[in-house]
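Some notes on the structure that comes next.
The values are calculated or read from the model by the stated rules, or taken from the named source; none is laboratory data. What you are looking at is a predicted structure, and each value in this text was computed from that prediction instead of being measured. Cβ sites come from the backbone with ideal geometry, for glycine too, and all protein chains shown count toward neighbours. Just the protein is used for accessible areas: all its heavy atoms, side chains included, with ligands, DNA and RNA removed. Shrake-Rupley method; radii C 1.70, N 1.55, O 1.52, S 1.80 Å.
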Amino acid sequence: MATTRVTLRQLRAFEAVARLRSFSRAAEELHITQPAVSKQIRLLNDEIGLPLLEQIGKKVFLTQAGEELFSTCADWLETWGRFEQSIANLKGLKQGRLKIATVTTAKYFMPRVLGPFCAEYPGIDVAMEVVNRDRLLDRLARNQDDLYIMGVPPDGKDIESEPLISNDLVVLAPTSHPLAGRKKIPFRDLGLHRFLSREQGSGTRMTVERIFRENEVPFDVRMELGSNEAIKQAVAGGLGLAVLSRSTLYPGDGSELTVLDVEGFPIRRAWYAVRPKGKQLSVVAETFLTFLRDHVQMLAPRQ
Ligand code: PGA
């Protein structure tokens with residue numbers, strides 16, 4: 001196999017298409033056109049001598065050769081990224097690419113800290129991936145990002161997690177609900193109501209199910225929604241109650257939604273910065289983590 005002419009650009013294009021399973025999303029992420037991505041993949045195919053991707057309709061699949069190249073690419077691009085970082089470091093520059101992955105709910109506060117961070121370090125390009133907890137764990141296992149922000153870090157010795165700030169779960173109801181304004185509502189009364197819930201695989205859902213189980217109260221899910229905003233709208237519309245992170249609330253929400261005073265709530269938790277144990281953070285990631293620690297108040301709920 002004559003792979004001497006394989007270029008970093010081809011590998012980057014392939015890795016993005018293989019990871020995102022889409023030529024158009026890869027083009028968007030790499031800030032190049034879709035034909036440019038296709039061209040890089042074609043050149044790479046020619047070099048390797050076997051097809052790497054298969055497109056059926058709009059779906060992109062990896063061939064066996066593609067799967068093997070994909071796992072090689074992940075290691076290789078990370079090593080190359082570290083090399084670029086050390087060179088930037090040797091030059092005394094804080095520049096490079098920062099890849100953060102956060103759970104869905106963290107999108108309420110992470111952009112607040114990214115604004116001032118990017119203003120202070122204009123040479124750092126930030127990519128933030130927003131997915132639910134299950135998909136985040138998958139990215140963590142594949143070591144796809146520099147840092148992960150989540151509410152329920154996985155058990156186990158192979159990760160390092162650092163609590164940043166509180167992430168309380170509260171019970172939400174429409175302001176017109178009969179329980180609104182009542183003091184010390186017994187937990188078991190929640191069993192009499194129907195709930196709007198996040199999808200399976202969400203950290204919020206996982207915690208809520210555990211708490212109801214521990215209290216031996218049935219968790220009656222009327223509707224499952226993959227978005228905190230959609231849940232808030234549905235609660236305001238009277239479709240049921242919901243347990244969500246306080247981080248999802250805006251100051252203006254008080255006109256339609258109220259936080260119920262239920263015994264055992266708020267459920268005290270934290271937001272964590274997580275990374276694989278022993279992962280050597282790039283200078284850029286180290287810079288971001290320090291910035292995060294120094295500006296942790298920006299992550300606080302606004303209501
Ligand atoms: P989720 O995670 O957005 O996946 O529900 C939030 C959390 O764990 O608090």
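What does the charge dipole of the chain about its Cα centre add up to, to the nearest 20 debye, if the Cβ of each Lys and Arg holds +1 and the Cβ of each Asp and Glu holds -1?
Here the size comes out at about 300 debye.
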Counting only heavy atoms of protein chains, what accessible area per residue, in Å², does region 3-78 have with a probe of 1.4 Å? 60
When the helices in the chain are scored as -39500 (n - 2.57) per DSSP H run of 4 or longer and the sum is shared across all residues, what 222 nm value do you end up with, to the nearest 500 deg cm²/dmol? -12000 deg cm²/dmol
Where is the GNM fluctuation largest for the chain (alpha-carbon springs, 10 angstrom cutoff): PRO251, PRO153, PRO116? PRO251
Quick one: among THR204, THR287, THR104, which has the greatest mean-square fluctuation in a GNM of the chain with alpha-carbon springs under 10 angstrom? THR287
Expected max-MSF residue from GLU28, GLU129, GLU160 in the GNM of the chain (alpha carbon, under 10 Å) is GLU28
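Once fully extended, how much extra length lies between VAL217 and ASP261, figured as 0.36 nm per residue of separation less the alpha-carbon to alpha-carbon distance? Kindly include the intermediate steps, with their values, before the conclusion.
Working: separation 44, 0.36 × 44 = 15.84 nm, distance 1.70 nm.
Separation in residues times 0.36 nm, less the Cα-Cα distance, equals 14.1 nm.
If the chain between THR63 and LYS277 were fully stretched, how many nm would it gain, using 0.36 nm times the residue separation less the Cα-Cα distance?
Values: separation 214, 0.36 × 214 = 77.04 nm, distance 3.15 nm.
Between THR63 and LYS277, full extension yields 73.9 nm more.
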Find which of LEU225, GLN200, VAL170 sits farthest along the positive direction of the dipole of region 164-249, computed with +1 on the beta-carbon of Lys and Arg, -1 on that of Asp and Glu, about the Cα centre. VAL170
Any residue on another chain or 5+ positions along whose placed amide H is under 5 Å from the amide H of ALA273 is listed here as GLU162, LEU164
Using only the alpha-carbon atoms, how far is helix 34-48 inclined from the longest principal axis of the chain? Give it as 0 to 90 degrees, nearest 10. 50
If I compute solvent accessible area with a 1.4 Å probe over the protein chains, what percent of it on region 217-303 is carbon and sulfur? 49
For HIS295 and TYR250, compute 0.36 nm times the residue count separating them, minus their Cα-Cα distance, and round to one decimal in nm. 14.2 nm
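Rounded to the nearest 0.05, what FRET efficiency do SER24 and ASN89 give with R0 = 30 Å and r taken as the Cβ-Cβ distance? Could you check? Could you put the intermediate results ahead of the total?
Numbers: r = 35 Å, r/R0 = 1.15.
Step by step, r from the Cβ atoms, then E = 0.30.
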Size of electric dipole in region 161-303: Cβ of Lys, Arg +1 and of Asp, Glu -1, about Cα centre, debye, nearest 20: 220
So what is the relative contact order for the chain, in percent, with contacts set as C-alpha pairs under 8 Å and at least six apart? 21
Using the Cα centre of region 35-102 as the reference point, and only Cβ charges (+1 on K/R, -1 on D/E), how large is the resulting charge dipole? Debye, rounded to the nearest 20. 480
Would you mind computing, in nm to one decimal, how far apart the modelled labels at GLN200 and LYS39 are, each placed 7 Å from Cα along Cα→Cβ? 4.6
Would you mind pulling out the separation of the Cα centroids of region 287-303 and region 231-259, in Å? 24
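Quick one: order SER71, SER227 from most to least accessible surface, probe 1.4 Å. Mind dumping the intermediate values first?
Numbers: SER71 70, SER227 40 Å².
From most exposed to least exposed: SER71, SER227.
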If I model a spin label as a point 7 Å beyond the Cα along the Cα-Cβ vector, how far apart are those points for GLU78 and LEU192 in nm? 5.2
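Any idea what the relative contact order of region 3-78 is, in percent, if you count C-alpha pairs under 8 Å spaced at least 6 apart?
Working: 77 pairs, mean separation 24.2, N = 76.
Here the relative contact order equals 32 percent.
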Using a cut-off of 15 Å between beta-carbons, work out the net charge of the residues near VAL259 (Lys and Arg +1, Asp and Glu -1, VAL259 not included). +2
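Summarise the accessible area of region 43-187 (1.4 Å probe, protein heavy atoms) by the percent that is carbon and sulfur. Can you show the working numbers first?
Details: 3980 of 7600 Å².
Solvent-exposed carbon and sulfur of region 43-187 make up 52 percent of the total.
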Result for region 169-259: accessible area per residue, probe 1.4 angstrom, in square angstrom, of 47
With Cβ to Cβ distances under 13 Å as the rule, what net charge do the other residues near SER166 carry (K, R +1; D, E -1)? +2
Report, largest value first, the span of the C-alpha coordinates of the chain along each principal axis, in whole Å. 73, 47, 36
DSSP-defined beta bridges in the chain - what % are antiparallel, rounded to 5: 55
